[in-house]
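Trainee: Could you have a look at this structure, given as C-alpha cells, before my questions?
The values are calculated or read from the model by the stated rules, or taken from the named source; none is laboratory data. Everything numeric here is computed off the predicted structure, so don't read it as measured data. Positions of Cβ are generated from backbone atoms using ideal geometry, with glycine treated the same way; all protein chains shown enter the neighbour counts. Quick note on the areas: whole protein, heavy atoms, side chains included, nothing else; ligands and nucleic acids left out. Shrake-Rupley method; radii C 1.70, N 1.55, O 1.52, S 1.80 Å.
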Amino acid sequence: MIIATDDWPPFRISEGDTFIGLDLDLMDEVARRTEAELRIAKMPWGRALTEMQGGGVDVMTGLAFRPDRAEYIAYTDTPYFRCTTAFYTIKGQADKIRSYEDLAPYQVGYVLHSAYFERFDKDRSLDKVGVAQEQILIDMLMKRRFGIMIGTDCQVDYLIKRQGFADKIEKAPYNPGNSVDLYLGVSKKSGWAAKLDELNRVIKKLVDEGFIDKIAKDYYGSHS
C-alpha cells in the first residue's frame, strides 16, 4: 500500500527520510489489520492528487471531501478526525473580522489545493494568496505579507503553539462554523479500491475503539 504524503504537522511530520505523526500511526495500524506492507511516497500535495488520479499511489490521508476529487478518489465512509476552518491575524487585528464580508479589504493567505468551505473555495472576488504549506502561511503572516490567513484549526493551532506564536497570532471572531472531516482516500485506479469495504470496516472500528483519540493525545495532549 503506497501512501502519498507531505508535511502537515501533527498529522504528518517529516523526519529526514521518514515520517511520524497521527496519520502515520493510523496507517501503521490500518496496514497491520489489513496485512499490508505500507510504503511512504513523499511528494507535494498537488502532485499527490495527480498521482491518485493516475493510480501511481494507492492512498492519501487528511482528505476533505470534494466532489471533483471523488471522481478519482474513493473515500472511506467514516472520517477519522474532525477539524474546523478558522481565520488568523496578527494579535490585535482579529476583532476586525466578524463576518465573511469583513474579509473583502484584505489579502487572504491560503494553501493551494486545499478545501476549506464552499463559499471561500469558490469566491473569485477575494484577493487570495496561495502557498504550498501552512508553515509558509504562518511565516508570511508573521512578516505581514498579507493581513489574514485561513487554516484548518487542528493543524494551525498545533503549529502556532509549538512555535511559540500563541501571543502573536490570534483567531478571528468570525468562524464559518463548518466541520472539516478528514478521510482516508483510495485511488479508484488502485488495487485497494476493490478492498474499500475492508478499509471502511477497519477505519470505523479504529474510531469506535477510541484508537484515534488515544493517539491524538500524544500530539495534542487532548482532543474533543
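Trainee: Which of the residues that make up the range 73-86 are under 20 Å from Gly147 (Cα atoms) and touching a Phe, Trp or Tyr at 6+ places or on another chain (Cβ under 6 Å)?
Mentor: Thr85
Trainee: When both residues are 6+ apart or on different chains and their Cβ atoms are under 8 Å apart, which pairs have a first residue that lies in the range 90-109 and is hydroxyl-bearing (Ser, Thr, Tyr), and a second that is assigned to a helix (DSSP H, G or I) and surrounded by fewer than 18 Cβ atoms within 10 Å (Cβ to Cβ)?
Mentor: Listed by first residue and then by second, the contacts come to Tyr100/Arg119.
Trainee: Now, a different point. Take the residues in the range 70-113 that are open to solvent by 20 Å² or more (accessible area, probe 1.4 Å) and among the polar types (S, T, N, Q); name whichever of them is farthest from Tyr174 (Cα to Cα).
Mentor: That would be Thr78.
Trainee: Next up: Inspect all residues belonging to the range 114-134 and state whether any of them is touching a Pro at 6+ places or on another chain (Cβ under 9 Å), within 22 Å of Ala48 (Cα to Cα), open to solvent by 30 Å² or more (accessible area, probe 1.4 Å) and touching a residue at least 60 places away in the same chain (Cβ under 8 Å).
Mentor: Yes: one or more hits.
Trainee: Is at least one residue of the range 37-44 over 12 Å from Asp6 (Cβ atoms) and either in contact with a Ser or Thr (Cβ under 6 Å, 6 or more places away or on another chain) or surrounded by 15 or more Cβ atoms within 10 Å (Cβ to Cβ) (or both)?
Mentor: Yes.
Trainee: Looking at the structure I just gave you, is Leu49 within 23 Å of Gly151 (Cα to Cα) and touching a residue at least 60 places away in the same chain (Cβ under 8 Å)?
Mentor: yes
Trainee: Also, quick follow-up: Looking only at residues that are open to solvent by 40 Å² or more (accessible area, probe 1.4 Å) and under 18 Å from the mean Cα position of the chain (by Cα) in the range 146-170, which one is nearest to Arg82 (Cα to Cα)?
Mentor: Asp157
Trainee: Where in the range 129-224 are there helices (runs of 4 or more DSSP H), lying fully within it, with 3 or more residues that are over 27 Å from Met1 (Cβ atoms) and either out of contact with any helix residue (DSSP H, G or I) (no Cβ under 9 Å at 6 or more places or on another chain) or β-branched (Val, Ile, Thr) (or both)?
Mentor: 134-142, 153-162
Trainee: Moving on. Please enumerate the residues belonging to the range 4-35 that are small (Gly, Ala, Ser), surrounded by 19 or more Cβ atoms within 10 Å (Cβ to Cβ) and under 23 Å from Gly54 (Cα atoms).
Mentor: Ala4
Trainee: If I ask for residues that are modelled with pLDDT of 95 or more and in contact with a Phe, Trp or Tyr (Cβ under 7 Å, 6 or more places away or on another chain), which ones from the range 207-223 would you list?
Mentor: Scanning the range 207-223 gives a single hit, Val207.
Trainee: Can you tell me which residues in the range 191-217 are within 26 Å of Gly56 (Cβ to Cβ), open to solvent by 10 Å² or more (accessible area, probe 1.4 Å) and touching a residue at least 24 places away in the same chain (Cβ under 8 Å)?
Mentor: Hits for the range 191-217 are Gly191, Trp192, Ala193, Lys195, Leu196, Glu198, Asn200, Val202.
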